[in-house]
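Data first, discussion second: the structure below is written as structure tokens.
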Amino acid sequence: MKIDGQCHCGAIAFEAEVEPDSIRICHCTDCQTISGSAFRANVTAPAETFRLLRGDPKSYIKTAESGSRRRHMFCGDCGTPISSSAPDNPPQYSLRIGSIAQRAQLRPAAQIWHRSALPWLGTLSTVPAKEQG
């Protein structure tokens, strides 16, 4: 599936081909902190299909609990997370669903690090909801 996306302020834009069945929700505490939310949703894009169309993302290297090192890219102006990948010569990119224009069409296929999932996530359907603010 061809996707495109951008950061919140529009300084960074990208496109890629993704496999919709590769969408995962990660509940690890690092993803909670980095996303500023309860979890992070990602979709995999082969490196040869990922193209940066605009901007120059900032990045930093994070070492996970597993010891794996990942380069995290984000907009240096608005802070929107864009992707993560291996630090050098990545075979693929893990794109952040929230920055993808077609995000409503991307349904998670798996959840990982569920031991860190916040206990209230399963009760969201019982929380009162408004269509707008």
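Values in this text are rule-based calculations from the coordinates and carry no lab data. Since the structure is predicted, the reported quantities are computational estimates derived from the model, not experimental observations. Note that each Cβ is placed from the backbone with ideal geometry, even for glycine, and that neighbours are counted across all protein chains shown.
Taking the Cα centre of region 2-118 as origin and charging only Cβ (+1 Lys, Arg; -1 Asp, Glu), how large is the dipole, in debye to the nearest 20?
Roughly 260 debye, rounded to the nearest 20.
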Query - Per-residue ³J(HN,Hα) for region 80-89, Karplus 6.51 cos²θ - 1.76 cosθ + 1.60, θ = phi - 60°, Hz, x for Gly and Pro - result: 4, x, 10, 6, 9, 6, 4, x, 10, 6
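Could you tell me the calculated FRET efficiency between V127 and H8, based on Cβ-Cβ distance and R0 = 30 angstrom, to the nearest 0.05?
The value I calculate is 0.75.
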Requested in this report: Taking just the C-alpha trace of region 20-104, give me its Rg and Dmax in Å.
Outcome: 12.3, 33
Query raised in the report: For K2, which lysines qualify as cross-link partners when the Cα separation must be under 26 Å and same-chain residues fewer than eight apart are set aside?
Result: K58
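Taking the Cβ of P46 as the centre, find all other residues whose Cβ is under 10 Å away and add up their charges (Lys, Arg: +1; Asp, Glu: -1).
Charge balance in the 10 Å sphere: -3.
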Query raised in the report: From the phi of every residue in region 119-133, what ³J(HN,Hα) in whole Hz does the Karplus formula 6.51 cos²θ - 1.76 cosθ + 1.60 yield, where θ is phi - 60° and glycine or proline is x?
Result: x, 8, 4, x, 9, 4, 5, 9, 7, x, 10, 10, 5, 9, x
